[in-house]
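None of the figures in this text is laboratory data; all of them are computed from the coordinates on show. Model, not experiment: these values are computed from the prediction. A quick note on method: Cβ atoms are made from the backbone with ideal geometry, for glycine too, and the neighbour counts reach across all protein chains shown.
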Amino acid sequence: MFQSLVNLYKIKFDSTLISNLLKYRAFSNNDKMMFSFSIIKKSAHSRARLGRIATPHGTINTPAFIFCATNAAIKGVPIDHVKASGSQIILSNTYHLMLQPGSDIIKAAGGLHKFLGWDGPMFTDSGGFQIFSLGHGGVEAEIKSSQQLNGKKALIKLTENGACFRSHIDGRKVTLTPELSIETQVALGADIIVSLDECTPYHVNKLYTATSMEKSKRWATRSLNTFMKIGDGRQALLAVVQGGVYPDLRQESAQFANNNDFHGFAIGGSLGKTKSEMHKVVDVTTQMLDKTRYVHLLGIGGIDDIFHGVECGIDTFDCVTPTRIARHGAAIVKTRENPGSSKPYICLENSRYSRGFSPISVECECYTCQNFSRAYIHHLIKAREIVFGTLISIHNIMMMNRLMTDIRNGLANDTLDTVRQEWGS
């Protein structure tokens, strides 16, 4: 089996990698295991690394960005444009798809890949974020529409068994348990799935955070047990590392994850109130994790945050930011294309772009930049033609992929600092 993997993925196995594959062999019920993570190169200046993730639906070169197709769609963008931009992997949400259209319908359609027309790797989150967003409130746009239902909170109660929600679609009560989360994700057929956890907000105290973290550990064990029973070896399961801003709690959560047979880790929960605090939490947490396994950072997508995360050893990131800011008229550019500003984006609603007859970026090869000018998109925004959001989203997706390509090249050539300066981080 291992030799066939060598031939298939052209991976040079060393003794450590073979040991890891043997360690995770328990996940392969019938020798169909097709997930692996290998480190290609480590930076001499930080914990950054080039990696490769092999999945049944293709290979992901890391560091990589995962675009959010929450409801099995990249909001406002046809999937062909997502493919054409060089995107490696996309993410969908278990909670939302469980409610609409339902995992049974998606499974009957041949799985999530066929359902939405995407043939590359896919990632599903567990629904744990909704425990935070629907229960505590937050900055996410989804909260504005679904936190309340006719004056009633969407999260009814949180127990040892799971999280009881009131569906924002039809008001019915649904209890999301670790078992149901894994069953749903297995039915959806994503390549990388996540154990159920409680995503705690910033404002709760250490006692609440510790209690929640312990519950998330128990839920992770139940998630793993369910995964071992029903998985066919073609998916990878990540443990969510919790603990808020408290290093000792992060250490406990990381140790639990390290000591169990998860394929990798997803850093979640509150990362702090400020950017500097978030960077510190990410830095501290990554140091605690098994360095041979894959590490994902949940819900973070700012360009400077990506550079910091890469230097800490993060392999993949996900966030709605590229398409969300596009719907507000913001387009991602390198700093040299935004004179007088250090920001890696421009707001095309500004009147200064009414006569901007060049593309958003003269260096970009996306559909938008090859066909339309800044002035045209400025006009669409002013005319309230909603297609502007699609056009900028197409551009932003391409630019995020270009950012990650530049980062990988920077790591390969030991020029990451230069790449960081070009992107204004």
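When the residues of segment 159-216 are filtered to those that are in a loop (DSSP other than H, G, I, E, B) and aliphatic (A, V, I, L, M), the one that is surrounded by the fewest Cβ atoms within 10 Å (Cβ to Cβ) is ILE169. Whenever a residue of segment 296-311 is at positive phi and in contact (Cβ under 8 Å) with a residue 24 or more places away in the chain, its partners that are of a type outside the set (A, V, I, L, M, F, W, C) and crowded, with 21+ Cβ neighbours inside 10 Å, lying with C-beta atoms within less than 9 angstrom and at least six residues away or across chains, give the pairs GLY299/ASP125; GLY299/GLY268; GLY299/ASP318.
Where strands (runs of 3 or more DSSP E) fall entirely within segment 307-425, those with at least 1 residues that are among the polar types (S, T, N, Q) are at 316-319. Identify the residue in segment 227-282 that is of a type in the set (A, V, I, L, M) and exposed (fewer than 15 other Cβ atoms within 10 Å of the Cβ) and, among all such residues, is farthest from ARG293 (Cα to Cα). So the residue we want is ILE230.
Residues are listed down the side, and each one gets a yes or a no for (1) of a type outside the set (A, V, I, L, M, F, W, C); (2) buried (at least 21 other Cβ atoms within 10 Å of the Cβ):
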{"residue": "VAL295", "(1), (2)": "no, yes"}
{"residue": "GLY309", "(1), (2)": "yes, yes"}
{"residue": "ARG327", "(1), (2)": "yes, no"}
{"residue": "SER351", "(1), (2)": "yes, no"}
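Screening PRO101 on (1) within 20 Å of SER181 (Cβ to Cβ); (2) touching a residue at least 12 places away in the same chain (Cβ under 8 Å); (3) not aliphatic (A, V, I, L, M) shows it passes everything except condition (2). In the set (1) touching a Cys at 6+ places or on another chain (Cβ under 7 Å); (2) surrounded by fewer than 17 Cβ atoms within 10 Å (Cβ to Cβ), the condition left unmet by HIS395 is number (2).
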